[in-house]
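See below for the structure under consideration.
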């Protein structure tokens with residue numbers, strides 16, 4: 001089937017132009033409406049995202065402060081524990097006598113042939129008890145005299161007679177006291 005248009009040519013042209021104009025207006029209207037809807041949706045999403053981001057920033061800051069407080073408390077407790085250990089060590093070091101000075105002062109006193117098998121320091125009494133073996137009685141007496149003559153560091157040495165009862169291979173023992181200055 002064929003359609004025949006009997007309208008005059010200028011009128012036919014006008015109808016075509018109107019049809020094109022009408023289609024063009026539809027396209028423009030649809031485009032403008034779509035553009036407004038898209039821009040409106042974008043603005044709504046932007047407002048939503050900004051509100052959500054502000055809420056998240058607030059939550060993050062609150063959590064950061066909470067974590068900071070917890071970490072600070074943890075670090076503070078660790079520092080306090082370490083400080084307590086250091087303070088305890090320092091207090092013990094200050095109170096404890098310096099035994100190395102005592103040992104140094106005593107080390108030069110025994111004669112070379114005399115063996116000291118036991119060297120016991122009593123902190124509370126500030127005393128030293130030594131035991132050992134000497135090949136001769138004279139060396140035991142020499143050890144006794146060396147300790148007795150070192151009155152700057154040691155005092156009040158006992159003199160058990162069993163130390164000199166036999167002339168050879170003597171098992172001896174002495175107890176004497178330490179001057180306070182040697183312990184500092």
Between the range 138-172 and the range 26-91, what is the C-alpha centre distance in whole Å? 82
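I need the per residue convex hull volume for the range 7-96, using only the alpha carbons, in cubic angstrom as a whole number.
Convex hull volume per residue, Cα atoms: 76 Å³.
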7 Å from Cα along Cα→Cβ at both residue 17 and residue 44: what's the point-to-point distance in nm? 4.2
Take the Cβ-Cβ distance between residue 156 and residue 84 as r, set R0 to 30 Å, and report the resulting FRET efficiency rounded to the nearest 0.05. 0.15
Please list log₁₀ I(q)/I(0) at q = 0.13 Å⁻¹ for the range 2-51, using the Debye equation with identical point scatterers on the alpha-carbon positions. -0.54
Can you tell me the 0 to 90 degree angle between the C-alpha axis of helix 9-95 and the longest principal axis of the chain, rounded to 10? 10
Work out the P(r) tail for the chain: percent of alpha carbon pairs separated by more than 31 Å, whole number. 64
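Grab the Cα-Cα distance for residue 73 and residue 129, subtract it from 0.36 nm times how many residues apart they are, and report the gain in nm with one decimal. Intermediate values should be presented prior to the final figure.
Details: separation 56, 0.36 × 56 = 20.16 nm, distance 5.11 nm.
The span from residue 73 to residue 129 would gain 15.0 nm if fully extended.
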What's the exposure ranking of 158, 91, going from fewest to most Cβ atoms within 10 Å? 91, 158
FRET efficiency, 1/(1 + (r/R0)^6) with R0 35 Å, evaluated for residue 54 and residue 26 via beta carbons: 0.25
Give me the one-decimal nm value for the distance between modelled label points at residue 9 and residue 93, 7 Å along each residue's Cα-to-Cβ direction. 11.8
May I ask you to order 5-18, 166-179, 105-118 by the average number of other C-beta atoms within 10 Å around their residues, highest value first? 166-179, 105-118, 5-18
Sum -39500 (n - 2.57) across every DSSP H segment of at least 4 residues in the chain, then divide by the residue count to get the 222 nm mean residue ellipticity, nearest 500. -21500 deg cm²/dmol
Can you divide the C-alpha Rg of the range 99-183 by 2.2 N^0.38 Å and report the result to two decimal places? 1.03
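Values in this text are rule-based calculations from the coordinates and carry no lab data. Given the structure is predicted, the values throughout are model-derived calculations rather than measurements. Backbone-built Cβ (ideal geometry, glycine too); neighbour counts: all protein chains shown.
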